[in-house]
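**Q** Sharing a structure here in structure tokens format.
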Amino acid sequence: MTAHKPAADLLVNGAAELLTCRPDAPDLVGRIPNGSVAIAGERILAVGPAAEMARAVDLGRARVIDASGRTILPGFVDCHTHVVFGGSRVEEYAARLTGENVDSLAALGVPVGIRGTAALTRSLSVDQLVGQALPRLGEMLASGTTTAESKSGYGLSVESELDLLRVNRRLNETQPVDVLSTFLGAHAIPEDSSRATYVSAILEEMLPAVAAEGLAEFCDVYCDDGFYTLDESRRILEGGLEHGLQPKIHLDAYSHTGAAPLAAELGCVSADHLNLTPPEGIELLVDAGVTLVAMPALDLAVAHPQPLHARELVDAGGELALATDMCPGCWLTSMQLVIVLACRLQRLSVAEAVRAATLGAAAALGCEQEIGSLEPGKLADLIVLDVPRFEELAYRLGRNSVEKVVKRGVVVIDRVAA
Ligand code: ZN
């Protein structure tokens, strides 16, 4: 007598290799040659060698996708983006390439910096901002990102910050990528407000409204010279916690703020950038279980004078995550390029980078129980690459190797069928 077997409705079958990226994988990526994944509804039923699938799962009614010669891995998680904003800063970017002084551009009314983007963003409606962000999310999905975090922070007023979070909600509802929302009212100090007045508005008006409307999962703060001080960062992140928002922090991107102990003390779900964080600060974060987020494309885009050495974070025993930092100053939608840069510029192995772009990034969003690896019970978010080895991700520079994207059990991108 055979036990009743669960029925799959989709089988992605016989890949040259399948990466589970499961937490306990000794090789970090859980490589399975000739691997398959069986899916029912939006969840994974079984993962393993193709020859063993029929034993565990009823495949009688399953639609089969042949993945021979290809690579299956979890969908990428982009755990740090500023994907919602108005307009562009292409003039500023082009000028900075040759070291031009951008102050003269600003004097001509060309948007420069966070404040320049904030002025453009405030001039747009929720509908218009959704319209500008949707193509960016479409590019992310087509290059394999199945979950993305999205921060506010270009509104810098009560009404505009809330609107940006409403944009996040709309984006989450209107396209396949799951969008997790982060309140980053503390991104810069607005031109039309004093520091003290604006921090009070964050604490007394924005945070209660964000919580009342359920608009964000996380509260983030840009802790750096010229942005938010250590003391302000503490007050804002503690205020977020009081309103049920998990803390995240932009930490030591351009100056050493001394905020690593704060991030460890508050149990930040992630600490991001870390360019100037000293080893003892990294150690505190690692001991506190804070996920460390590296964004090599940002360092490239701004020609950072002190690029992050992610290798050192891994060697310190940290849970590493990768992200694009998609924003007007680093216009990147592809986690594949992030992997290229992390491997070559930050000296990660391909396995370390892939792990950081999937399970590590899921941990940076507190979602590692739901996404980031291919395991029974988790969401069926996966990608099929048209190459037979996962190392090709680091090797083929600037190429989109994603052939199919399965999001919550549904094939949402298929380059072969297209
Ligand atoms: Zn950021």
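The values are calculated or read from the model by the stated rules, or taken from the named source; none is laboratory data. Please read these numbers as outputs of a predicted model, since none were measured by experiment. Cβ coordinates were reconstructed from backbone atoms using ideal geometry, including for glycine residues, and neighbour counts include every protein chain displayed.
**Q** Out of all the residues in segment 16-25, is one or more of a type in the set (Ser, Thr, Tyr) and either farther than 24 Å from residue 143 by Cβ or surrounded by 20 or more Cβ atoms within 10 Å (Cβ to Cβ) (or both)?
**A** Yes, segment 16-25 has at least one match.
**Q** Here's something else I'd like to know. Among (1) over 27 Å from residue 400 (Cβ atoms); (2) at pLDDT 95 or above, where does residue 90 come up short?
**A** (1)
**Q** Report, by residue number, each residue of segment 171-188 that is away from the ligand (no atom under 16 Å from the Cβ) and either free of Cβ contacts under 8 Å to residues at least 24 places away in the same chain or in contact with a strand residue (DSSP E or B) (Cβ under 8 Å, 6 or more places away or on another chain) (or both).
**A** Listed by number, the residues that qualify are 171, 172, 173, 176, 177, 178.
**Q** Let me ask another. Looking only at segment 311-330, how many residues end up being more than 29 Å from residue 112 (Cα to Cα) and either touching a Pro at 6+ places or on another chain (Cβ under 8 Å) or at pLDDT below 95 (or both)?
**A** The total comes to 3.
**Q** May I pose another question? For segment 395-416, how many residues meet the condition of being exposed (fewer than 15 other Cβ atoms within 10 Å of the Cβ), in contact (Cβ under 8 Å) with a residue 60 or more places away in the chain and in a strand (DSSP E or B)?
**A** Matching residues across segment 395-416 total 1.
**Q** Filter segment 248-276 down to residues that are within 15 Å of the ligand (Cβ to nearest atom), on the phi > 0 side of the Ramachandran plot and over 17 Å from the mean Cα position of the chain (by Cα), then give me how many there are.
**A** 1
**Q** Considering each residue of segment 208-226, count those that are closer than 25 Å to residue 258 by Cα and either of a type in the set (D, E, K, R) or without any contact (Cβ under 8 Å) to a residue 40 or more places away in the chain (or both), and give that number.
**A** Total satisfying the criteria: 7.
**Q** Using the structure shown, decide if residue 239 is more than 22 Å from residue 193 (Cβ to Cβ), of a type outside the set (Lys, Arg) and more than 16 Å from the ligand (Cβ to nearest atom).
**A** Here the answer is no, as residue 239 does not meet what is asked.
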